[in-house]
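K.L.:
Handing you a structure now.
The values are calculated or read from the model by the stated rules, or taken from the named source; none is laboratory data. Remember, predicted model here, so these are calculated numbers, not experimental data. So basically every Cβ, Gly included, is an ideal-geometry build from the backbone, and we count neighbours across all protein chains shown. Accessible surface areas use protein heavy atoms only, side chains included; no ligands, DNA or RNA. Shrake-Rupley method; radii C 1.70, N 1.55, O 1.52, S 1.80 Å.
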Amino acid sequence: MTSDKPLLPPLFKGIALFTPGGDLIYCIDPSKQGRWHLHLCVSLQEILDLPEPPHFLVPCYTATIDHWLNPRTQQIQTFAEAYPAVMRHQAVLNAIFGTGELAWQSAPWQEGLCDHLVLTTYRSTFPQLWEDHDLVVRLDLWDANPSYYEPTTSAQQPEPKTKGYVLRLFVAGHSSATQRILENLHELLEKNLGNPYTLKVIDVLTNPEQAESNQVSATPTLVKVWPHPVRRIVGDLDNVEKILQMLAGQENS
């Protein structure tokens, strides 16, 4: 597998919206209109069955990137910033936007809007936003109804809303090796999966309980949670054929 970045338009604006629970919905807009916060909020409302679009997340849990052409130098330049609450997700942001090991700038905190006590007032009305649903959803400019799958933690496993994959990648810290794995895996999934997928990145150093509950004892480990049966690959995530076999349900766990 090469280390090429995901295929993206040469010039674009990207917007990512996180939830307090760690879910992510984002878009890549080649037309560079930059008016996608509303669409992301409405889609998040539909996916998580919220009473209304969670616009209150926008000043606190967003990251934006602008890949633009400098008319003076004719060089493509990148400006990327994220609010403090999502700066810890830089590795994921670089993976979805294909920006290597770019260091994101911290956007000014919105006083009065992102105060912890203010956000807490929304929790009783929007409890789904504080839960982790393993969601990483791309909303395309031309797709008003994005495909997604919302996994469930209940004992009963209902049929998914669409045919898709739920994957978890367990890593130890955010090193350059972790960044390479994220970029390569993202490119592989975009090129080879005909169905939608969600990919959740879990750092075992900060979330050891999730590693234990998923029976992960070494990193990196890629786990296919859905469709059943559960399959996993430990260590060798450069083997494209092995990963495709796992996704097809041909690899023993």
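K.L.:
Two decimals is fine: what's Rg over Rh for the range 165-248, C-alpha atoms, Kirkwood radius as Rh?
P.N.:
0.93
K.L.:
Let me ask something else. Where a ≥ b ≥ c are the square roots of the eigenvalues of the C-alpha gyration tensor, would you call the range 12-139 rounded, which needs a/c under 1.5, or, failing that, prolate if a/b is larger than b/c, or oblate?
P.N.:
Taking the square roots of the gyration eigenvalues as a ≥ b ≥ c, the range 12-139 is prolate.
K.L.:
Taking every DSSP beta bridge with both residues inside the range 165-248, roughly what % is antiparallel (nearest 5)?
P.N.:
Given both bridge residues lie in the range 165-248, the antiparallel proportion sits at roughly 55 percent.
K.L.:
About its Cα centre, how strong a charge dipole does the range 165-248 have in debye, to the nearest 20, once Lys and Arg get +1 and Asp and Glu get -1 at the Cβ?
P.N.:
My answer is approximately 220 debye.
K.L.:
Next question. Which of the peptides 208-218, 115-125, 62-72, 20-30 is most tightly packed, and how do the rest follow, judged by the mean count of other Cβ atoms within 10 Å per residue?
P.N.:
Packing proxy ranking, top to bottom: 20-30, 62-72, 208-218, 115-125.
K.L.:
Another question, then. Pull out the extension gain between Met87 and Ser213, defined as 0.36 nm times the separation in residues minus the alpha carbon to alpha carbon distance; nm, one decimal.
P.N.:
My answer for the length gained is 42.7 nm.
K.L.:
With all protein chains present, how much of the accessible area of the range 165-248 (probe radius 1.4 Å) comes from carbon and sulfur, to the nearest whole percent?
P.N.:
48
K.L.:
Determine, for each peptide in 232-239, 168-175, the mean count of other beta carbons within 10 angstrom over its residues, then list the peptides with the highest first.
P.N.:
The most tightly packed comes first, giving 168-175, 232-239.
K.L.:
Rolling a 1.4 Å sphere over the protein heavy atoms, what is the accessible area per residue of the range 12-139, to the nearest Å²?
P.N.:
46
K.L.:
May I ask you to give the percent of accessible area on the range 12-139 that is carbon plus sulfur, with a probe radius of 1.4 Å?
P.N.:
On the range 12-139, the fraction of accessible area on carbon and sulfur atoms equals 52 percent.
K.L.:
Quick one: check the C-alpha center-to-center distance for the range 31-107 versus the range 168-237, whole angstrom.
P.N.:
After rounding, the separation between the Cα centres reads 22 Å.
K.L.:
So how do 49-58, 92-101 stack up, highest first, on mean other-Cβ count within 10 Å? Don't skip to the answer; put the middle values down first.
P.N.:
On the way: 49-58: 15.7, 92-101: 21.4.
Highest to lowest by the protection proxy: 92-101, 49-58.
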